[in-house]
1. Give all pairs with beta carbons closer than 7 Å in which a residue from the stretch 111-130 that is on the phi > 0 side of the Ramachandran plot meets a residue that is at pLDDT 80 or above and part of a loop (DSSP other than H, G, I, E, B); count only pairs at least 6 apart in sequence or on separate chains.
2. Filter the stretch 369-428 for residues that are among the polar types (S, T, N, Q) and not in a strand (DSSP E or B); which is farthest from residue 518 (Cα to Cα)?
3. From the list 174, 158, 113, exactly one residue is open to solvent by 60 Å² or more (accessible area, probe 1.4 Å) and in a helix (DSSP H, G or I). Which is it?
4. What number of residues within the stretch 93-110 satisfy the criterion of being open to solvent by less than 40 Å² (accessible area, probe 1.4 Å), over 15 Å from residue 54 (Cβ atoms) and under 37 Å from the mean Cα position of the chain (by Cα)?
5. What single numbered condition from (1) surrounded by fewer than 20 Cβ atoms within 10 Å (Cβ to Cβ); (2) in contact with a helix residue (DSSP H, G or I) (Cβ under 9 Å, 6 or more places away or on another chain); (3) among the hydroxyl-bearing types (Ser, Thr, Tyr) fails to hold for residue 706?
6. Are there any helices (runs of 4 or more DSSP H) wholly within the stretch 235-330 with 3 or more residues that are more than 29 Å from residue 209 (Cβ to Cβ), and if so which?
Amino acid sequence: MNPEQRKADVHARPPDRLESSTGATPPAGGSDVPETVSGTVEAIVFRNDDTGYTICTVRPAASPNNRVTVVGSSAALWVGEELTARGRWIRHPQFGTQFQADALTCIAPTSAEGLRRFLASGLIRGIGKVHASRIVDKFGADTLRVIEKESARLEEVEGIGRVRRQRIKESWIEQRGIRDVMIFLQSHGVGTGTAARIYRQYGNDAIAVVKQNPYRLCDDVWGVGFKSADAIALRVGVPHASPERAKAGLLYLLQTQADEGHCFCTDADLLLRAQEMLDISVEILSEALQALVDVGQLVREEERIYPRALADAERRVAEKLLRLARAPLNQPPIDAGKALAWAEHKMGLTLADAQRRALEIALQSKVAIITGGPGVGKTTIIRALTEIFGARRINLRLAAPTGRAAKRMSEATGQEAQTIHRLLRYLPAIHDFEHNAGNPLEADGLILDETSMIDIRLMDQFLQAVPDKARVILVGDIDQLPSVGPGNVLRDMIASGTIPCQRLDTIFRQDASGLIVRNAHRINHGERLENGGPSSDFFFIETSDPDQVIERVCDLVTRRIPNHFKFDPLTDIQVLTPMRRNQLGADNLNTVLQQRLNTAGPSLARGGSRFRRGDRVMQLRNNYDKEVFNGDIGLIQAVNEEERQLVILFDGRPVTYDGNEIDEIVHAYACTIHKSQGSEYPAVVIVLATQHFKLLQRNLLYTAVTRGRKLVCIVGSSKAVHLAIRNNEVRERRTTLAQRLQQLDGAHAPATGAAP
């Protein structure tokens, strides 16, 4: 079955018996004879905005009492439009008879009913069902001409004033422009979702930009990669072996390497990959590579090729860390022994030896690292430091890479903690941070938590804003998954041996029945998991059949965990899985869980997804204008179908999304383990199956288990769990931060994760 058709099935099933536009019953077994179906689009059952693949219900003009299900691809399609489909009837084994369209042509509706449906479809902001009926009742068949050429007359309609009229007019003009761009781009193989983003970037100049230099899309438009731009370029006449195509391909390959965590690629490997992908001679590629180096877009160091931004970031991070470490401390010295005794008395506890050593290092060093797994006292160290620095009136700032991690710091210390982005104050107008090397933070000390999540670029931005006088304490778990972005910053800093570091390994956070922390450390040591009893906080449910896995997960989330542990399924329970795709991936699990948890109420659609009030969603990219960042999780608070807007609460802060911004979010009832980094949830349900074989690693399972604060339940096969625990082969990343630190410190060592 077509995967998109399978996904569409969860939204609606087309009728088994369909009539053709002539009113005749289609052949039972389908027909190869080309036919035409014409009529009004009554409903869009499913649409993939990336590909244009559409399933819609059409009321044939020749037989208005019948309904036809049409399947095909269209650049843009709206309810109420007049559709002409050319193709043939087919008998789908699951969905029955359908009209499979080879070509779909749409024109604006002319009938009163078609106009009402068209205007109420969500196409035009400011018009819902009520205003659509009033406008059509007033202007009839002249409706669209009035909107386009005499929009002032819309104020004659009850409920439409100057502001709404202007919004309707602007939305109509925008949609006309988007449709022109969509039709042009779809003829060059670009999906409608991408076309809409291209239009938002370039406006009415979109077609001209694409024709002139389609490779600009890779840099300018989120979600457009080299392959899409290359397909457009070849279609609009860019020569196959042109230098422009060679340069764009090389930059794309380096970006894919960065997406996999690498900071550089060897020149031989890069040229080999480029030749295989582009089918261009090595001579042309070598010239293109050298040209990119000559203009400074790429950096060559020995046999290594870096994107300029990553080479500069590694260099600046190494230089700043050592400059901080060597700069004089502009504060009176702290007697560590007395400070520790005071902190123990103040906090009412006795510190372990490793914790005391960690605090001594942090108090006596300008830069220090504290690492360790769950339950070993990292939070206690942060609390003690905030107490000691607070007593000495030291201006201390607390930060973490994610909102949830910052919130946990605040709860643990009673002091304000911020995300790094908010600490540095991003300024959308200039696309840069307010605090940088020229305008450092006002701080005497900074504690940064969840450092393992921070990639080389964000660490560079953070350190550039730290004044040389300040001390920096970096806290994190080296055994977790590395950052999603390029680099392996925490591991490289520790491996360099140039920064004072203390590892904590004694477990404190556990009780008589607590298995979460114990099992996390058992995973880390390559040992088998302990399964808990009825009152435990850790369970493993064995099942290898994917359908049974899904059913068990749904039962846990919707019934068993809420009933037994009193957790709210919409806010307290997070399903984690290794990947997005396949039956047990986050995409499918989100579809199924939404069906079980949140099916009623107003909604906005994008592709095969519907976003409703109460849905848990995740942001997919950094949006500095909204101050919402990749991986942030929110709850949809309100849905305005008429204005095509969502209001989403992120940590209690409402953020408005227009309909054309919905592609920045996905449902988050389930998410990948990578995306869960830096977050903790009251309850976690982990899906682990052998179909995840390629991703089954010890640090992946360890990261998943340590996301659960009060309850962890693994659903899947024991074989998959065993494979994950046994596989401790850390995928090395090509980075040179450790080498740069050692060289600057006077030592010499090979680059970490050197290319094979």
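The values are calculated or read from the model by the stated rules, or taken from the named source; none is laboratory data. It should be emphasised that the depicted structure is a prediction, and the values quoted were computed from it without experimental measurement. Every residue, glycine among them, receives a Cβ derived from its backbone with ideal geometry; neighbour counts consider all protein chains shown. For accessibility, only protein heavy atoms count, side chains too; no ligands or nucleic acids. Shrake-Rupley method; radii C 1.70, N 1.55, O 1.52, S 1.80 Å.
1. 122/641; 122/644
2. The residue in question is 395.
3. One residue alone meets the criteria, 113.
4. Selection size over the stretch 93-110: 1.
5. Among (1) surrounded by fewer than 20 Cβ atoms within 10 Å (Cβ to Cβ); (2) in contact with a helix residue (DSSP H, G or I) (Cβ under 9 Å, 6 or more places away or on another chain); (3) among the hydroxyl-bearing types (Ser, Thr, Tyr), the lone unmet condition for residue 706 is (1).
6. 267-278, 282-294, 308-326
Here's the yes/no breakdown for (1) at pLDDT below 95; (2) on the phi < 0 side of the Ramachandran plot:
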{"site": "578", "(1), (2)": "yes, yes"}
{"site": "582", "(1), (2)": "yes, no"}
{"site": "585", "(1), (2)": "yes, yes"}
{"site": "589", "(1), (2)": "no, yes"}
{"site": "595", "(1), (2)": "yes, yes"}
{"site": "599", "(1), (2)": "yes, yes"}
{"site": "604", "(1), (2)": "yes, yes"}
{"site": "608", "(1), (2)": "yes, yes"}
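Results for (1) open to solvent by 60 Å² or more (accessible area, probe 1.4 Å); (2) among the acidic types (Asp, Glu); (3) over 30 Å from residue 198 (Cα atoms); (4) at pLDDT 90 or above, shown as yes or no for each residue.
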| residue | (1), (2), (3), (4) |
| --- | --- |
| 26 | no, no, yes, no |
| 47 | no, no, no, no |
| 61 | yes, no, yes, no |
| 74 | no, no, no, no |
| 80 | no, no, no, no |
| 91 | yes, no, yes, no |
